[in-house]
Amino acid sequence: MSIAYLDHPACLRHNMGTGHPESPARLYAIEEQLRTLMNFMRHYEAPKATHQQLARVHDVNYIDQILNFNEKQGATYLDPDTVLMAETPEAALRAAGALIHATDLVLSNQHQVAFCNIRPPGHHALRAQAMGFCFFNNIAVGVAHAIEAYGLERVAIADFDVHHGNGTEAIFADEPRVMLCSSFQHPFYPGVGADTVSDHIINVPLPAGTRGDEFRDAITNQWLPALHEFAPQMIFISAGFDAHENDEMSMMCLQADDYTWVTQEILAIADKYAEGRIVSTLEGGYDLQALAQSVAAHLEVLMRI
Ligand SMILES: [Zn+2]
């Protein structure tokens, strides 16, 4: 069975300015790198998420603030790095909608695996606040859809972006049907995550300079036993590639083959408990070459080639 690949041209039109690392060039670089792999994927255009689907994880007044943005207001800084502009509402709706459609494709058995090549990313977005390049928490929208529309009782999120998935954690902190496994550089932006105490939030803070073998040990010792215990019915991946050695956003030292390894481990859990069901979505990754090569490494595992 081929894997589903979701994107939308609107995700390319949200542009926070020359020199901003979270740029449309990221999606182009990935698309170019995946050209030879497209035969193993079926392409879908992302629909817009509905207000109701967003409201499962976001405050309705916050949703309206984003969607009712008027271009006469001009570009608006929601935080020092996160700029709301005329093209943002549709891009954010398509990014969240990609997760909805990916979840539908996987849970209706049309595909075992789906990958969303979308932006803006989502894992820093809180219920009522944009943050760190993120507007809507795309992965949380997808996970809530799997729970509310399909009745899943155990859904796992694996987040290997170099930054802590603080928005995702805040949204699901009191939701025992969701296990969040996050690995991240610490201390580092957004400065939280190392002190969380919860049996369904598995945070793995890693010091600057962490190499691939140390990353693998930490995942093996902390994520994998928790995931085996939880036995997820479906796994979502916040696939950020900014822990790559060449990525200037962080001081971590992962290589593309570390993303191959962690994807293999996640896939093995999915095969054992979740009928192989995985929805992966792009989060960070800012060195264009490292990003594109790491996404390809991630997807080659998910394509089982
Ligand atoms: Zn990141």
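The values are calculated or read from the model by the stated rules, or taken from the named source; none is laboratory data. It should be emphasised that the depicted structure is a prediction, and the values quoted were computed from it without experimental measurement. Note that each Cβ is placed from the backbone with ideal geometry, even for glycine, and that neighbours are counted across all protein chains shown. Heads up: the accessible areas ignore ligands, DNA and RNA and are worked out on the full protein's heavy atoms, side chains in. Shrake-Rupley method; radii C 1.70, N 1.55, O 1.52, S 1.80 Å.
Only one of (1) within 16 Å of the ligand (Cβ to nearest atom); (2) surrounded by fewer than 16 Cβ atoms within 10 Å (Cβ to Cβ); (3) not basic (Lys, Arg) fails for Asp257. Which number is that?
Exception for Asp257: condition (1).
(1) in contact (Cβ under 8 Å) with a residue 40 or more places away in the chain; (2) crowded, with 23+ Cβ neighbours inside 10 Å: which one isn't true of Ala270, the others all being true?
Of the numbered conditions (1) in contact (Cβ under 8 Å) with a residue 40 or more places away in the chain; (2) crowded, with 23+ Cβ neighbours inside 10 Å, the odd one out for Ala270 is (1).
Out of everything in the range 263-305 that is charged (D, E, K, R) and farther than 16 Å from Leu37 by Cα, what residue ends up being nearest to the ligand (Cβ to nearest atom)?
Going through the qualifying residues, I end up with Glu283.
Taking the stated definitions as given, is Met131 in contact (Cβ under 8 Å) with a residue 24 or more places away in the chain, open to solvent by 10 Å² or more (accessible area, probe 1.4 Å), aliphatic (A, V, I, L, M) and within 16 Å of the ligand (Cβ to nearest atom)?
Values: in contact (Cβ under 8 Å) with a residue 24 or more places away in the chain: yes; open to solvent by 10 Å² or more (accessible area, probe 1.4 Å): yes; aliphatic (A, V, I, L, M): yes; within 16 Å of the ligand (Cβ to nearest atom): yes.
In short, yes.
Working only within the range 159-183, note down all residues that are within 21 Å of Glu229 (Cβ to Cβ), of a type in the set (A, V, I, L, M) and either in contact with a Leu (Cβ under 8 Å, 6 or more places away or on another chain) or within 12 Å of the ligand (Cβ to nearest atom) (or both). Spell out how you get there, then give the answer.
Kept after step one, since they are within 21 Å of Glu229 (Cβ to Cβ), are these residues of the range 159-183: 159-160, 165, 168-169, 172-183.
From what's left, of a type in the set (A, V, I, L, M): 173, 178-180.
Matches in the range 159-183: Met179 only.
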